[in-house]
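Inspection log for the structure reproduced underneath, given as structure tokens.
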Amino acid sequence: MLGDDRPGVLKIFLTFLRLGATAFGGPVAHFGYFRIEFVDRLRWIDERSYADLVSLCQFLPGPSSSQTGIAIGMMQRGWAGG
């Protein structure tokens with residue numbers, strides 16, 4: 001699609017692969033790594049949306065950092081990105 005500046009599925013996969021291999025310390029640490037990567041470096045999501053997403057995922061039952069990562073991927077490429 002012309003003019004589509006969203007990352008491709010491969011870029012999303014490789015980004016999460018790198019984070020999964022290097023981000024140690026549990027969910028609290030993951031949120032810090034995610035913020036640096038997706039808000040500051042890649043600018044896939046703005047600060048306010050990221051804070052709202054983290055809050056929602058912490059409210060839901062289950063692993064909050066995993067849910068946040070899946071949601072960020074889905075925001076970029078729908079089901080294929082999640």
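Between ILE70 and ASP4, the FRET efficiency estimated from the beta carbon spacing at R0 = 35 angstrom works out to 0.95. Look at the alpha carbon pairs under 8 Å that are at least 6 residues apart: their mean separation over the length of the chain gives a relative contact order of 32 percent. Charged neighbours of ILE45, selected by a Cβ distance under 14 Å, balance to 0 (K, R count +1; D, E count -1). Positive contributions from Lys and Arg (+1) and negative ones from Asp and Glu (-1), summed over other residues with Cβ under 15 Å from the Cβ of GLY81, come out at 0. Count Lys and Arg as plus one, Asp and Glu as minus one, and take only other residues whose Cβ is under 13 Å from that of ILE12; the net charge is then +3. Using only the C-alpha atoms, the convex hull of the chain corresponds to 91 Å³ per residue. Here the calculated FRET efficiency for PHE13 and ILE36, from their Cβ-Cβ distance with R0 = 22 Å, stands at 0.70, rounded to the nearest 0.05.
Computed from point charges on the beta carbon alone (+1 for Lys and Arg, -1 for Asp and Glu), the dipole magnitude for the chain about its Cα centre is near 180 Debye.
Here, each number is a calculation from the coordinates, and none is a lab measurement. Keep in mind it's a predicted model, so treat the numbers as computed, not measured. A quick note on method: Cβ atoms are made from the backbone with ideal geometry, for glycine too, and the neighbour counts reach across all protein chains shown.
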